[in-house]
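Everything below concerns the one structure shown next.
The values are calculated or read from the model by the stated rules, or taken from the named source; none is laboratory data. All of these numbers come straight from a predicted model, not from anything done at the bench. Quick reminder, even Gly has a Cβ in these numbers, built from the backbone with ideal geometry, and neighbours come from all protein chains shown.
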Amino acid sequence: MQDVAREPGPAGTTLTATRGWLERLWAGIADRGRAYADVPGLGLPPLERARLLARALLSERGEASGAAVARELHEACGQLAGPDRIAFFRFLAEEFAPDPAKLRAAAEAWLSAPGVDAAARLAEAAEAPRQELLRRMNMAPGGTAALVALREELLGLTRGEPALRVLDSDLRHLFASWFNRGFLELRRIDWQTPAAVLEKLIRYEAVHEIQGWDDLRRRLQADRRCFGFFHPALPGEPLIFVEVALVRGMAEAVQPLLARGEAPAAPREADTAIFYSISNCQEGLRGISFGNFLIKQVVEELKAELPQLTRFATLSPVPGFRRWLEKQGAMEELDGLADADWTTDESKREALRAPLLRAAAAYLTQRNDGKATDPVARFHLGNGARLERINFLGNTSPRGIRESFGVMVNYLYDRDRIEANHERFVQSGEVVRSPAVDALLKPSQAPRSPFARLLGSEEKPAGRPG
């Protein structure tokens with residue numbers, strides 16, 4: 001019989017959330033293994049008990065008893081707070097490092113006789129016992145979620161506690177395997193999805209804030225789609241999700257896509273799928289890439305459902321644009337940009353249109369150490385998208401104006417060119433872009449061009465349209 005938890009539904013109904021099968025499996029094993037486990041430290045102070053449990057867990061040989069000790073260790077960790085908690089993290093980082101003597105011997109053996117076997121022994125000696133301890137902690141019921149939460153906590157501590165970086169590095173290394181694409185499940189999220197998951201969409205939306213249940217309902221109607229990646233160890237927790245608008249033509253502004261007053265359009269009349277928001281949900285999985293797989297798989301899902309779709313593109317923010325302009329010292333050269341009313345004053349708005357678009361084109365095609373300067377551009381170009389169009393006042397929300405003066409970008413995912421574009425970007429840093437973006441990069445014929453020095457005196461070489 002499945003374990004269930006009752007969750008309130010979006011309209012006051014009650015929905016049933018199924019407990020993950022992995023959690024049920026390990027809970028049963030831990031329950032049975034408790035009789036065989038040597039659980040040390042009962043009655044000791046929490047920090048001392050947690051240290052004893054960690055050592056005991058690494059020495060356990062039985063699977064069931066190991067799961068039981070792992071559960072005790074997680075419970076002991078949960079009782080630690082303040083200095084004791086940081087002291088335990090330091091203990092994990094320092095106590096379970098590689099054995100220096102074994103590592104030195106393995107390294108010397110490889111140097112004297114390089115070979116496959118010697119390299120394997122060196123790799124084995126270099127792996128910290130801490131990684132095996134973390135693997136065993138993962139066997140506890142809810143162990144994966146606890147370790148993801150632990151890394152989220154570590155990310156906020158490593159700057160002041162550099163000794164903890166090795167623990168963070170080990171967790172990231174393990175998560176790259178545990179959250180490999182082969183373990184992820186793509187699910188469509190709609191109004192029938194359990195309320196507990198829908199509530200998390202509202203909480204995790206990081207690009208365009210969801211203003212409650214009515215706003216969420218509009219984003220899940222017939223001309224919208226939402227997909228997320230899930231993992232069997234975190235069944236009710238989306239790892240990342242993408243919101244899609246089914247429209248006619250290439251959307252150039254986000255406010256119409258977010259408007260709640262209009263009735264949904266017929267999805268089979270759409271010719272374009274616009275990916276207008278992609279949100280990572282688990283801070284503890286920072287640095288583990290999901291988005292590239294998500295977009296490509298969603299493109300295939302949409303094409304299978306709606307064969308008439310001919311374009312797949314994003315409507316993306318440009319989060320670093322304002323900071324870049326300020327760093328270039330270009331803000332003073334844009335008359336009126338500092339005025340609070342420039343977006344509503346037609347004369348000021350039109351005077352700023354051309355220079356802002358040209359500056360955005362320069363920013364988005366700049367490379368820093370062979371990579372795109374803007375993080376969102378780096379993500380989409382690295383996935384094989386083409387820099388298709390730069391939109392003036394595409395996002396007039398306070399956040400959009402604050403981050404990028406309202407500029408938004410369409411990145412085009414051409415199913416036939418994704419891999420070729422990806423290779424050109426990762427191999428040479430080439431930003432594949434459309435003729436429209438190339439036109440923005442040509443030297444201005446205007447007598448006064450504030451961004452001539454940013455664009456350079458000569459036209460930049462074009463990345464041939466992908």
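Here are some residues: Arg311, Arg367. Which one is out of contact with any strand residue (DSSP E or B) (no Cβ under 7 Å at 6 or more places or on another chain), basic (Lys, Arg) and touching a residue at least 24 places away in the same chain (Cβ under 8 Å)? Even if it seems obvious, please write down each step before you answer.
On the way: Arg311 fails: out of contact with any strand residue (DSSP E or B) (no Cβ under 7 Å at 6 or more places or on another chain).
Matching residue, one of Arg311, Arg367: Arg367.
Taking helices (runs of 4 or more DSSP H) as the structural unit, those lying wholly within segment 179-272 and holding at least 2 residues that are over 29 Å from Asn138 (Cβ atoms) and more than 20 Å from the chain's Cα centre (by Cα) correspond to 212-219, 255-258. In segment 69-81, the residues that are without any contact (Cβ under 8 Å) to a residue 12 or more places away in the chain reach residues that are not aliphatic (A, V, I, L, M) with C-beta atoms within less than 9 angstrom, at least six apart or across chains, in these pairs: Ala81/Pro46.
Considering only residues in segment 299-308 that are in a helix (DSSP H, G or I), touching a strand residue (DSSP E or B) at 6+ places or on another chain (Cβ under 9 Å) and of a type outside the set (Val, Ile, Thr), the one that is surrounded by the most Cβ atoms within 10 Å (Cβ to Cβ) turns out to be Leu302. Of all residues in segment 328-343, those being in contact (Cβ under 8 Å) with a residue 60 or more places away in the chain and either part of a helix (DSSP H, G or I) or aromatic (Phe, Trp, Tyr) (or both) number 1.
A quick yes/no check of all residues on (1) free of Cβ contacts under 8 Å to residues at least 24 places away in the same chain; (2) outside the structural domain of Pro319 (by TED's automatic domain parsing); (3) buried (at least 21 other Cβ atoms within 10 Å of the Cβ); (4) out of contact with any Asp or Glu (no Cβ under 7 Å at 6 or more places or on another chain):
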residue: Val244; (1), (2), (3), (4): no, no, yes, yes
residue: Arg248; (1), (2), (3), (4): no, no, no, no
residue: Glu252; (1), (2), (3), (4): no, no, no, yes
residue: Gln255; (1), (2), (3), (4): no, no, no, yes
residue: Arg260; (1), (2), (3), (4): no, no, no, no
residue: Ala263; (1), (2), (3), (4): yes, no, no, yes
residue: Arg268; (1), (2), (3), (4): no, no, no, yes
residue: Tyr276; (1), (2), (3), (4): no, no, yes, no
residue: Leu285; (1), (2), (3), (4): no, no, yes, yes
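Please enumerate the residues belonging to segment 411-422 that are farther than 13 Å from His380 by Cβ and either free of Cβ contacts under 8 Å to residues at least 24 places away in the same chain or surrounded by 21 or more Cβ atoms within 10 Å (Cβ to Cβ) (or both). The answer is Asp416, and nothing else. Looking across segment 166-199, the residues that are in contact with a helix residue (DSSP H, G or I) (Cβ under 8 Å, 6 or more places away or on another chain) and basic (Lys, Arg) come down to Arg172, Arg181, Arg188.
What about Arg130, is it modelled with pLDDT of 95 or more and either surrounded by fewer than 19 Cβ atoms within 10 Å (Cβ to Cβ) or in contact with a Lys or Arg (Cβ under 7 Å, 6 or more places away or on another chain) (or both)? Taking the combined requirement at face value, the residue does not satisfy it. Taking Gly400, is it within 21 Å of Val207 (Cβ to Cβ), in the same structural domain as Lys327 (by TED's automatic domain parsing), of a type in the set (Gly, Ala, Ser) and assigned to a helix (DSSP H, G or I)? Answer is yes for this residue. Of the residues in segment 206-215, none is surrounded by 14 or more Cβ atoms within 10 Å (Cβ to Cβ), modelled with pLDDT of 95 or more, assigned by TED's automatic domain parsing to the domain that holds Phe312 and within 23 Å of Glu300 (Cα to Cα). For the condition on the phi < 0 side of the Ramachandran plot and either crowded, with 24+ Cβ neighbours inside 10 Å or touching a strand residue (DSSP E or B) at 6+ places or on another chain (Cβ under 9 Å) (or both), what is the one hit in Ser397, Ser347, Ser404? When all the criteria are applied, what remains is Ser404. When Met139 is tested against the conditions (1) in contact (Cβ under 8 Å) with a residue 12 or more places away in the chain; (2) within 30 Å of Arg268 (Cβ to Cβ); (3) assigned to a loop (DSSP other than H, G, I, E, B), the lone failure is (2).
Residues that are in a helix (DSSP H, G or I), under 18 Å from Glu388 (Cβ atoms) and either touching a residue at least 40 places away in the same chain (Cβ under 8 Å) or among the charged types (D, E, K, R) (or both) do occur in segment 344-356, at least one of them.
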